[in-house]
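The values are calculated or read from the model by the stated rules, or taken from the named source; none is laboratory data. Everything numeric here is computed off the predicted structure, so don't read it as measured data. Because the Cβ atoms are built from the backbone with ideal geometry, glycine has one as well, and the counts that use them run over all protein chains shown. All accessible areas refer to the heavy atoms of the entire protein, side chains included, with ligands and DNA or RNA removed. Shrake-Rupley method; radii C 1.70, N 1.55, O 1.52, S 1.80 Å.
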Amino acid sequence: MANVAIIGAQWGDEGKGKVVDWLASRADVVVRFQGGHNAGHTLVVGEQVYKLSLLPSGLVRGKLGVIGNGVVVDPEALLSEMARLQAQGLAITPETLRIAENAPLILPLHGAIDRAREAARGEHKIGTTGRGIGPAYEDKVARRAIRLCDLAEPETLSHKLDELLLHHNTLLIGLGAAPFEKQALLDRLLELAPLLLPFAEPVWELLDEARRAGRRILFEGAQAVMLDVDHGTYPFVTSSNTVAATAASGAGVGPSVVGMVLGIAKAYTTRVGSGPFPTELFDETGRLLGERGHEFGTVTGRPRRCGWFDAVMVRQAVKVGGIQGLALTKLDVLDGFAELKICTGYEIDGQPFRHLPAAMGAQARATPVYETMEGWQDSTRGARSYADLPAQAIKYVRRIEELVECPVTLLSTSPERDDTILMKDPFEG
């Protein structure tokens, strides 16, 4: 049996939560390998709706959840999320959740600097959630991050706070924001230590043991390929690498352990926040897609921008993200449209492009080249086999496969976990 990595193939919010939940029921271990609490997954299990930001989705299914070293962890946000889910009846203990001892922490000063810088950008905002994700990754790369293991060493913690505050307070004062006092931060971290350290572990060792025992591992990505800090629409991206290659480094395993890569894409396109979006619709169709798809960010609550399916972008995500099979979600949102459009290319300054260039200006000037297809009037909602789908819906899916150069191996036809059409089991490799 193969392991599976799940990543987003657009700009996030593709419905990864349902697909992860669906696969987690058949996995033994579920691992988060990048991002922070700026990501959100919504899981619908019977009458219960679970909203997760940091916790691996497998916890809802009683699976072992692992937060890898590639994740930046906000201790306050994590404890708050744990308390909320425990109130919903989930048991979250050191037996069900493990956190990499070398995972970097997000402190209150990270959120403060994030928000201060975004405010200073004025009309040039990049759309950050203001939760400190980027500054925490900056500290990691600059080798001044406080990591979970540091909570066990008060002297180390004190020294590292001196270095952090030297850097961040200088920036905060320069941006007109209030600086932070060391003692208050130190006291709070020492209070948090006994709450968090029982969950800490060298998870690379745990995952190696799971691999050797033949246990199924599901690697759960956050955000999506087009928000990758290298391969996305920079600078309107997240602060981590979101491609499947990061699953190995962000969890502490070798590349061969990652297994099959499943990319998640909506049957149309959405985006939250700023940045280029060639197929964005500003008309009644765009409004209708958002309304029918309930397009609001899980974490931020911000309304998502909506547009037609961009096959150029997803093809690019397939190539750089290492995607071997596509899970297409929210097909039912397209029910009843007389015609549908798929972006098959761009035009920039009169020149045709079959990819989205890296340069900001070129991305902003990209206009879509569309192919129009006949829609379908019958409902696809709740379909659980290809035989339940209208002929035109099948044609639409087949055309997407051709354009993105990747097979659709799974179709989701409602938020309900079992309303899924499986063409190929990802765990079979």
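Worth a mention:
- The single condition among (1) surrounded by 14 or more Cβ atoms within 10 Å (Cβ to Cβ); (2) over 30 Å from W11 (Cβ atoms) that L190 does not meet is (1).
- The number of residues in the stretch 116-145 that are more than 17 Å from the chain's Cα centre (by Cα), more than 16 Å from G275 (Cβ to Cβ) and not in a helix (DSSP H, G or I) comes to 4.
- Check on L171, part of a helix (DSSP H, G or I) and at pLDDT 95 or above: no
- Under the condition of being surrounded by 15 or more Cβ atoms within 10 Å (Cβ to Cβ) and of a type in the set (A, V, I, L, M), the residues counted in the stretch 138-152 number 4.
- Applying a threshold of 8 Å to beta carbon distances and a minimum spacing of six or more residues, or different chains, the list of pairs starting in the stretch 312-324 at a residue that is of a type in the set (S, T, N, Q) and ending at one that is part of a helix (DSSP H, G or I) and open to solvent by less than 50 Å² (accessible area, probe 1.4 Å) reads Q316/V225; Q316/M226.
- Flag for A83 being of a type in the set (G, A, S), assigned to a helix (DSSP H, G or I) and within 17 Å of S240 (Cβ to Cβ): no
- Pairs meeting the criteria (first residue in the stretch 271-285 and within 20 Å of M360 (Cα to Cα), second residue open to solvent by 30 Å² or more (accessible area, probe 1.4 Å) and outside any loop (DSSP other than H, G, I, E, B), beta carbons under 6 Å, at least 6 apart or on different chains) are R271/R305; P276/A364; F277/R305; P278/P368; T279/P368; E280/R305.
- Scanning the stretch 245-284 for residues that are closer than 18 Å to C343 by Cα, more than 16 Å from the chain's Cα centre (by Cα) and not in a loop (DSSP other than H, G, I, E, B) turns up just one, E280.
- Residue match in the stretch 352-359 (condition: in contact (Cβ under 8 Å) with a residue 12 or more places away in the chain, under 22 Å from V318 (Cα atoms), of a type in the set (G, A, S) and part of a strand (DSSP E or B)): no
- Residue in the stretch 247-270 that is farthest from V237 (Cα to Cα), counting only those that are in contact (Cβ under 8 Å) with a residue 40 or more places away in the chain and open to solvent by 30 Å² or more (accessible area, probe 1.4 Å): G259
- Residues (touching a residue at least 12 places away in the same chain (Cβ under 8 Å) and assigned to a loop (DSSP other than H, G, I, E, B)) located in the stretch 209-229: G214, R215, R216, G221, A222, Q223, A224, D228, V229
- Reported count of residues in the stretch 82-127, each being at pLDDT 95 or above and acidic (D, E), is 2.
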